1. Explain nothing, just the number: dipole magnitude of the chain about its Cα centre with +1 on each Lys and Arg Cβ and -1 on each Asp and Glu Cβ, in debye rounded to the nearest 20.
2. Build a GNM of the chain with springs between Cα atoms under 10 Å: which of 65, 15, 130 gets the top mean-square fluctuation?
3. Which one of 183, 222, 94 is farthest out on the positive end of the charge dipole of the chain, using unit charges on Cβ (Lys, Arg +1; Asp, Glu -1) and the Cα centre as origin?
4. Does anyone have the angle between helix 157-168 and the longest principal axis of the chain? Alpha-carbon axes, 0 to 90°, nearest 10?
5. Below 14 angstrom from the Cβ of residue 201, what's the summed charge of the other residues (Lys, Arg +1; Asp, Glu -1)?
6. For the chain, modelled as a GNM with alpha-carbon contacts under 10 angstrom, which of 176, 165, 214 fluctuates the most?
7. Can you give the angle from 0 to 90° between the axis of helix 208-221 and the longest principal axis of the chain, with both taken from C-alpha atoms, to the nearest 10?
8. Between segment 84-140 and segment 18-64, what is the C-alpha centre distance in whole Å?
Amino acid sequence: MNKTRVVIHGANGRMGKAIHRIAADHPGFDIVALVTRSDPKSRVIDQIPCYSVREIDALPDFDVMIDFSLPEGFDAALAACVKKGRAFVSGTTGLDDAQRESLSAAANHIPVLWASNFSMGVAVLESLVMRAAAALPGWNCDIVESHHTQKKDSPSGTALTLGRAAETGGADVHYASLRAGDIVGEHLVQFTGMGERLELVHRASDRDIFARGALHAAQWLQQRPAGRYAMADSLV
Ligand code: NAD
């Protein structure tokens, strides 16, 4: 089996490190480069060459770039993949409308998979939320998301994705965000009627689930033609 040659963009972050650790132990992946925001402290980590974002055009050839950075790093990562004609997987949240549009434009040239959440549980939750919203017209729909105190964007990308699913089902959605301790990620979607309440909850206790999901998506995506894909596409 050919290994999937991966570049990790945002390699110094919590998610970048988890992806590095898991891919390094997996026979299906070859990490060919790590990309960090500024000049890397070491030019080689675990025998993998490290590049700064300024050096992104000098990357060795790869099959898929996996980006878990911040919105300010996202554009350069996507542009590098379009320029090299290579697949792009991203879990970076807090993107603006122009960045979302650039994902769709890039999908005319390369395979692109962006997901606000790479866990299987949230992929299932999304379809449950859409069904519940459609079945409960007139009920209040509130989404409460909780994350660690370092998280920058709010509401979370996952909350917004779940909110869009509820809106597709016809609900009017309200959001609340909590930032506390080291919570990896919790999403409560609450439908409230008269005298009853339905709660759908997902709790992530380990960010390795996102890393494994992103690596699964990367392996799946490299064999696909140019286009825009979702996590659910890779699970069927
Ligand atoms: P983090 O803050 O630990 O790491 C972010 C990394 O991006 C850092 O190493 C930082 O140096 C780097 N970075 C920042 N600006 C950059 C730039 N201009 N160019 C290149 N790199 C840059 O954050 P994290 O917890 O690893 O999360 C990263 C992103 O992934 C966030 O947007 C977060 O919301 C998202 N996330 C998504 C999922 C998912 O399943 N989709 C899961 C967890 C986190």
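1. Working: 24 positive and 27 negative charges, 112 e Å.
For this selection, approximately 540 debye.
2. 130
3. My answer, from the dipole projection, is 222.
4. For helix 157-168, the angle is close to 50 degrees.
5. Numbers: positive: 197, 203; negative: 126, 142, 145, 186, 199.
Charge balance near residue 201 sits at -3.
6. For the chain, modelled as a Gaussian network with Cα springs under 10 Å, the answer is 176.
7. Helix 208-221 and the main axis of the chain meet at about 70 degrees.
8. A separation of 25 Å, based on Cα centres.
Coordinate-derived values only; no laboratory data. These numbers were taken from a predicted model, which means no experiment stands behind them. All Cβ positions, glycine included, derive from the backbone under ideal geometry; neighbour counts span all protein chains shown.
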